[in-house]
Amino acid sequence: MNTFDYFRPTTISEAVAAAAEPGAAYLAAGTNLLDLMKGGVARPSRLVDVNHLPGLDQIEHLPAGGVRIGALVRNADLAHDPDFAQRFPAVAEALLSGASAQLRNAATVGGNLLQRTRCGYFYDTASACNKREPGAGCEARGGDTGLHAVLGWTESCIATNPSDFCVPLVALDAIVEIEGKAGRREVPLESFHRLPGDAPERDSVLEPGELIVAVRLPAEAAPFAAHARYLKVRERTSYAFAVVSAAAALRINGSAVVEARIALGGVALKPWRARAAEEMLVGERSVETAFRRAAELALADAKPSGDNNFKIVLARGIVVRALALAAAGTPERTPALPASPFAHNPGALLNV
Amino acid sequence: MSFSISLTVNGAARKVAFDDPRVTLLDLLRERLDLTGAKKGCDRGQCGACTILIDGRRINSCLALALSHDGADLLTIEGLARGDALHPVQAAFIAHDSFQCGFCTPGQIMSAVGLIQEGQAGHDPERVREGMSGNLCRCGAYVDIADAVLDAQKRLTKLDRKQVA
């Protein structure tokens, strides 16, 4: 690991000024950053430790029905907040399906949004990677692509965003509150992460020094609570990143879908909102045939980035299953195996 | 550059000086405080062998920068027993033969103590297994580890009841 200057600001403006300097990086829990630094993938010359900034660790339930989550709220604290878990169950389930209990106790909300891809070629400094070193090439192309993109990728980068948390958040129209040199701005989470485009090295729209201070879920996200699930296929049942995942949230009147939200994880460099599929479902009966058509639409633009055509088939199945589980109703308590297709679900749904 | 932080380690106040900002809590415990119970397995947050409690919460000490934890209260495997009396989780690991080589055991035990304090798993074996998935055991003692955690949890629940009564 390269050595670095350590700076602990006492105010947000002090933090922003310090982090705007070239080579600086914010440190929250460090569960991803320290790992990247140990591997020589990230080499910041200065760490700006935001752990002790006041006022960023609150979960505020807003009067209109939304929630504002401070950037330093730890993943476990958010997932186990009873009010939050009851009102946004798919978000809690996604959080609990990620990482391990130890990591969830440390990792922060802001840090989750900023975690880097888990592409093995990005992590391996002996491999060419345009994200790590712009212009170097992409050795993932033609490589082992089980965790790689099938949507929104380019020849220069086929990595995926590894977050579980962000998938239901993007489905529920979360807003990111950002503090920078020019003051505060807000960005919808859906526009926060970048597709590779012509600058695969840039993960998000953050400018130098900009700090995530909170993530907000609007009041409109709450009415989905009765029919909201997150489902994640991994190479093992626990403590693994998603091969593909899906968040599904429905508002149902009788047997008719009033409103649908669908987002996919593990398929692109950002959490992937499937708006065409959502629109198609409005007014449909909440039955498997409709869910299958929605899944077709959600993956309509997908193409393999390597030997990973299986992910497209898998993602369709997971969208159908997530919708079916959401339609069946949010369980009273997060399942023992959160987001697992192997959790004990009502039998009929297992055949979807 | 030299740095100094104050910690409570297993109940005792410690002031630790070091000269490198890269020092993690795991390095600090093992190299500076001679507390080698927490193990450096992967050093990348993947194996759980370095699990300790910080302010009552289980975390991977290999991914915790020491400088960031000035003032923290740490509990390691060395601070678990009361004299010769083992902690109920330690006793349960022995009773259930929950280890072979022993390398992962301090992390497993600290993780189990954290899991029981969190109170989310209850007596559900599936929730216990899921809650312990951040601790790898290359000998494959998982079945006996889960049994020990469930057993220790029962004993601790009984102890709690007695203390309340």
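Numbers at a glance
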| read-out | value |
| --- | --- |
| Which numbered condition B:SER111 misses (of (1) surrounded by fewer than 21 Cβ atoms within 10 Å (Cβ to Cβ); (2) of a type in the set (S, T, N, Q); (3) in a helix (DSSP H, G or I)) | (1) |
| Lone qualifier among A:LEU151, A:LEU147 - being assigned to a loop (DSSP other than H, G, I, E, B) and in contact with a strand residue (DSSP E or B) (Cβ under 6 Å, 6 or more places away or on another chain) | A:LEU151 |
| Residue check, A:VAL167 outside the structural domain of A:PRO304 (by TED's automatic domain parsing) and part of a strand (DSSP E or B) | no |
| Segment A:5-14, subset within 14 Å of chain B (Cβ to nearest Cβ) and surrounded by 15 or more Cβ atoms within 10 Å (Cβ to Cβ), residue farthest from A:PRO54 (Cα to Cα) | A:ASP5 |
| Lone unmet requirement of (1) among the hydrophobic types (A, V, I, L, M, F, W, C); (2) assigned to a helix (DSSP H, G or I); (3) more than 14 Å from chain B (Cβ to nearest Cβ); (4) touching an Asp or Glu at 6+ places or on another chain (Cβ under 9 Å) for A:ILE69 | (2) |
| Search result, residues across segment B:129-161 that are part of a helix (DSSP H, G or I), facing chain A (nearest Cβ under 9 Å), touching a helix residue (DSSP H, G or I) at 6+ places or on another chain (Cβ under 8 Å) and surrounded by 23 or more Cβ atoms within 10 Å (Cβ to Cβ) | B:GLY131 |
| Single condition B:ALA91 does not satisfy, out of (1) assigned to a helix (DSSP H, G or I); (2) surrounded by 22 or more Cβ atoms within 10 Å (Cβ to Cβ); (3) touching a residue at least 12 places away in the same chain (Cβ under 8 Å) | (2) |
| Identity of the residue in segment B:40-68, facing chain A (nearest Cβ under 7 Å) and among the β-branched types (Val, Ile, Thr), that ends up farthest from A:ALA106 (Cα to Cα) | B:THR51 |
| Any pair with Cβ under 9 angstrom, 6 or more apart, that starts in segment B:139-151 at a residue that is of a type in the set (Ser, Thr, Tyr) and ends at one that is in a helix (DSSP H, G or I) and modelled with pLDDT of 95 or more | B:TYR142/B:ARG129 |
| Only listed residue being in contact (Cβ under 8 Å) with a residue 24 or more places away in the chain, within 14 Å of another protein chain (Cβ to nearest Cβ) and surrounded by 20 or more Cβ atoms within 10 Å (Cβ to Cβ), chosen from A:PRO168, A:PRO162 | A:PRO162 |
| Test: A:GLU93 is under 17 Å from A:LEU264 (Cα atoms), at pLDDT 95 or above and not assigned by TED's automatic domain parsing to the domain that holds A:ALA268 | yes |
| Filter result (acidic (Asp, Glu) and either within 15 Å of the chain's Cα centre (by Cα) or in a strand (DSSP E or B) (or both)) within segment A:196-234 | A:ASP203 |
| Count of residues meeting criterion [within 25 Å of the chain's Cα centre (by Cα) and either over 22 Å from B:LEU25 (Cβ atoms) or among the hydroxyl-bearing types (Ser, Thr, Tyr) (or both)] in segment A:21-40 | 3 |
| Qualifying residue in segment A:206-227 (condition: of a type outside the set (Ser, Thr, Tyr), surrounded by 24 or more Cβ atoms within 10 Å (Cβ to Cβ) and within 14 Å of chain B (Cβ to nearest Cβ)) | no |
| Given (1) over 22 Å from A:PHE192 (Cα atoms); (2) within 12 Å of another protein chain (Cβ to nearest Cβ); (3) surrounded by fewer than 24 Cβ atoms within 10 Å (Cβ to Cβ); (4) not polar (S, T, N, Q), number of the condition A:ALA101 does not satisfy | (3) |
| Selection status of B:ARG57, more than 15 Å from the chain's Cα centre (by Cα), modelled with pLDDT of 95 or more and of a type in the set (Lys, Arg) | no |
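The values are calculated or read from the model by the stated rules, or taken from the named source; none is laboratory data. For clarity, every value in this text was computed on a predicted model and none was experimentally measured. Here the Cβ is made from the backbone with ideal geometry for all residues, glycine too, and neighbour counts use every protein chain on show.
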